[in-house]
Amino acid sequence: MDTATIGLLYAGVTTLLLFSGMPIAFALGLSALGFMAGFMPSAHLGVVAETVFAELDNFTLLTIPLFVLMGAAIGKTRAGADVYSSLNAWLYKVPGGLGLANVFACAVFAAMCGSSPATCSAIGSSGIPQLVKRGYSEGLATGIIAAGGTLGILIPPSLTLILYGLASEQSIGRLFMAGIGPGLLLILLFSIWVMFKYNLERRFIQATQAKLNKSQAEIESLAAIEIDYYSWSDRLASLPRLLPFLILIAVIMIAMYGGWATPSEVAGIGATGATLMVIVLYKCYRLDDIQKILSGTIRESTMIMMIIATSFLFTYVMSYLGITQASANWLVGLGLSKWVFFFWVNVFLLVLGFFLPPVAIILMVTPIILPTLNAMGIDLIWFGIVMTILMEIGLITPPVGLNLFVINGIAPEIKLKNIIMGTLPFIGLMFLGIIILCVFPEIVTWLPNHFYGGF
Amino acid sequence: MSTRYLQASGLLLIQAIKRFNILTGYLSAVIVVITALIVCYGVVMRYAFNTPLDWGLELSIYLLITATFMSAAYTQLERGHVSIEVLDQMMKPPAIRWRVLIGDVLSLVFCAFLAWNSWHFFFEAFEDGRVTDSMWGPKLWIPYFFMAWGCTALSAQLVIQIIESVFGLKHQQYSTAAEWKE
């Protein structure tokens, strides 16, 4: 059998196993095992455990459980609500300020944890009810949180960027640095949209009321629904609650970008700092609380680590059988121009993102497209960021958009259809973000090149 | 009488394995916390006392590999290993039960092979007394042992889930078994 046939067969069998509903980790492993048995010398089967172990024996992988612990510790407290209410006190006067407070709270939270669903549930559980109470439509409220949550994997620390760094052999520090600019860009785009849409919705409510011939005062009170007032002392009083988080973020940033510590060490410091903070400041020392943090951490970390372990096995088989090389050659042989290739890669990643979690996509696809990206002169750091934004889109699109289901879980009274409709504009904004990054790649590359020096 | 006795002891055994998997799951989480502390300790020692640890790095890696494998069964018990469940939206409950069962059997094939292979790997390293080539040079059979054990526990958990779905066991039956023992 020639390589192309084996490659197609490999892809087919893997897809079949994945859709059988078995855990992704075991599906990848079983598919690799089957093709090892069928097409590779039997010696390889004898060293499967050794191969898996050798791949996990990697200092960079330490970051994953440690960053997960950090996110889980902070996520299990009221911390999300605190960050959010403090930001609201500062922003309440701006039209759409509450929505902005939610977007920013997601961003701050994202800077403390590397996962999108965690960000969503931490901010959304208090944010969504507040937004709806203050007259935001359900769609806008849930859209803000779903999209804001995706910042979790773009703003460092980010598990997705770590995995991309591993798969593409790029510096994690550089990738983290590169995530900041695009993160700010998305925050800006989201904010503009939230303000615009909020004012639109408000005007619509006022117009409807005016048609019913209500008095002006009544209209005002109905449109505002609930009016907040925060004095300067309220704002200042809310700061101490924010302070520990800002300090933690600052420590992480300084340790990482000051060249003090490796990403793994930063993860260790962050995890310890977050756990201590949660225990001391939020008084989470009851067995019940600790148990929740522990089980949350280990479940997520083990899930990711098992996928990593077996996807290494998967790509090992792919490369041994020459599938990686053959598909890379095929891609180069198509003679596509740089941007046409880039476009199709985007489509491909987007489709995969509808079904698979980022960890599996990044580890499976990166080895195939990497040589072509290199040949076309596409900056790998820049591409990592674009890929991450595409993965974010996958998190808020059906059928398996994790964030959608997290929000459905924390706000069960809002219909899934409304949530999905609410996220659509934000998906558009993310595509707009990618286009902006294509036109101005400096948004990604300037910061890392400035710090680490250009290529 | 004897079949009833067998049944009840089988149920109790299943219960015991599950409890054990939950316990090792939590222990693994504690290991992650300990690893975070070790990493911090390493950073402090390097900057404050200028004495980098020669064992910190390796130990933390092996601890995390241990934690990952030792908690794989717990994660399976909680159905925490993500899967693509899109088809469930189109299938009727009996079909979903079949899909889950087939998925579990296929998972078991992979996990059991990995477990068997890891034990093999462990015995080899144990007999040769293999160590890593670092200054610290810990015995390699130790992390290999936990990997093999973890994969075995994971396979056992899958077997339990298969038995449960084949016989349609529910929590109620476990409590009857517990009562019967008393």
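The order of A:V386, B:V109, going from fewest to most other C-beta atoms within 10 Å of their C-beta, is B:V109, A:V386.
Plainly put, the range A:240-384 has a radius of gyration that is 1.11 times its Kirkwood radius, both from alpha-carbon atoms, as the Rg/Rh ratio. Its Cα gyration tensor gives the range B:71-176 an equivalent ellipsoid; the semi-axes, largest first and in whole Å, are 36, 15, 12. Computed from backbone phi with θ = phi - 60° and the Karplus coefficients 6.51, -1.76 and 1.60, the 3J(HN,Hα) list for the range A:85-90 is 6, 5, 4, 5, 4, 7 Hz; x is used for glycine and proline.
Within the range A:305-455, the proportion of C-alpha pairs whose separation exceeds 27 Å stands at 33%. Placing +1 on the Cβ of every Lys and Arg and -1 on the Cβ of every Asp and Glu, with nothing else charged, gives the range B:9-90 a dipole about its Cα centre of roughly 220 debye. Applied to the range A:301-314, the Karplus parametrisation 6.51 cos²θ - 1.76 cosθ + 1.60 on θ = phi - 60° returns per-residue 3J(HN,Hα) values of 5, 5, 4, 5, 5, 5, 5, 4, 4, 7, 6, 5, 4, 4 Hz, with x for Gly and Pro. Over all orientations, the range A:148-211 has a Cα convex hull whose mean projected area works out to 4.9 square nanometres. Per residue, chain B reaches -27500 deg cm²/dmol at 222 nm when only DSSP H runs of four or more residues are counted, each adding -39500 (n - 2.57). Once the mean of 1/r is taken over each pair of separate Cα atoms and inverted, the range A:4-56 shows a Kirkwood hydrodynamic radius of 11.8 Å. With R₀ set to 35 Å, the beta-carbon distance separating A:T208 from A:N408 gives a calculated FRET efficiency near 0.75.
The charge dipole of chain B, taken about the Cα centre with unit charges on the Cβ atoms of Lys, Arg (+1) and Asp, Glu (-1), comes to about 560 debye, rounded to the nearest 20.
So how many Å³ per residue does the convex hull of the Cα atoms of the range A:66-217 work out to?
Cα-based convex hull of the range A:66-217, divided per residue, equals 103 Å³.
Exposure proxy shown here: for A:R235, A:R174, the number of other Cβ atoms within 10 Å sets the order, fewest to most, as A:R235, A:R174. Between the range B:91-163 and the range A:8-26, the alpha-carbon centres lie 20 Å apart. Kindly give Rg over Rh for the range A:36-143, based on alpha-carbon atoms, with the Kirkwood expression for the hydrodynamic radius. A ratio of 1.30. Based on C-alpha pairs under 8 angstrom that are at least 6 apart in sequence, chain A has a relative contact order of 26 percent.
Less than 5 angstrom separates the built amide H of A:C284 from those of A:I279, all sequence-distant by 5 or more or on a different chain. As an equivalent ellipsoid, the range A:86-140 spans semi-axes of 19, 14, 8 angstrom, where each value is the square root of five times an eigenvalue of the C-alpha gyration tensor, largest first.
The stretch between A:L184 and A:K292 holds 35.7 nm of extra length on full extension. This uses 0.36 nm per residue minus the Cα-Cα distance. Summing +1 for each Lys or Arg and -1 for each Asp or Glu among the other residues whose beta-carbon sits under 15 angstrom from that of A:L363 gives -2.
Amide H to amide H distances under 5 Å link B:V131 with B:L140, where only residues 5 or more positions off or on other chains count and H is placed in the peptide plane. Under a Cβ-Cβ cut-off of 14 Å, what is the net charge of the residues other than A:I180 that fall near it, where Lys and Arg count +1 and Asp and Glu count -1? Local charge sum for A:I180: 0.
Would you mind estimating how fast the protein assembly as shown diffuses translationally, via Stokes-Einstein at 20 °C and 1.002 mPa s with the Kirkwood radius over Cα pairs, in µm²/s?
On the way: Rh = 26.1 Å.
The calculation lands on 82 µm²/s.
For chain A, leaving out every one of the GluC sites (Glu not before Pro) that falls in a DSSP loop and has at most 10 other Cβ atoms within 10 Å, the longest unbroken run is A:227-412. Ordered from longest to shortest, the equivalent ellipsoid semi-axes for the range B:1-50 are 48, 6, 4 Å, each the square root of 5 times a Cα gyration tensor eigenvalue.
With the convex hull of its Cα atoms as the shape, chain B has an orientation-averaged projected area of 15.0 nm². When shorter helices are ignored and each DSSP H run of at least 4 residues is given -39500 (n - 2.57), the per-residue value for chain A at 222 nm works out to -26500 deg cm²/dmol.
Residue exposure proxy: B:T68, A:T388, A:T372, ordered by other Cβ atoms within 10 angstrom of their Cβ from fewest to most, comes out as A:T372, A:T388, B:T68.
Given their separation in residues at 0.36 nm each and the Cα-Cα distance between them, A:R78 and A:W446 gain 128.9 nm when the chain is fully extended. Ranking B:M147, B:F110, A:L151 by Cα position along the charge dipole of the protein assembly as shown, where only Lys, Arg, Asp and Glu carry charges on their C-beta atoms, puts A:L151 farthest toward the positive end.
In this simple spin-label model, placing a label point 7 Å from the Cα along the Cα-to-Cβ direction at both B:A48 and B:F167 gives a separation of 5.6 nm.
Between amide H atoms placed 1.01 Å from N, distances below 5 Å from B:S83 occur with A:I24, all of them 5 or more places distant or on a separate chain. Applying the Karplus relation 6.51 cos²θ - 1.76 cosθ + 1.60 with θ = phi - 60° to the range B:129-135 yields 3J(HN,Hα) values of x, 5, 10, 6, 8, 8, 4 Hz, where x marks Gly and Pro.
Can you tell me the orientation of helix A:97-110 relative to chain A, as the angle in degrees between its alpha-carbon axis and the longest Cα principal axis, to the nearest 10? Helix A:97-110 and the main axis of chain A meet at about 30 degrees.
FYI, it's all coordinate maths here, none of it is from the lab. If you're wondering where the values come from, they're calculated on a predicted model, not measured in any experiment. Ideal geometry is used to build each Cβ from the backbone, glycine not excepted, and the neighbour counts take in all protein chains shown.
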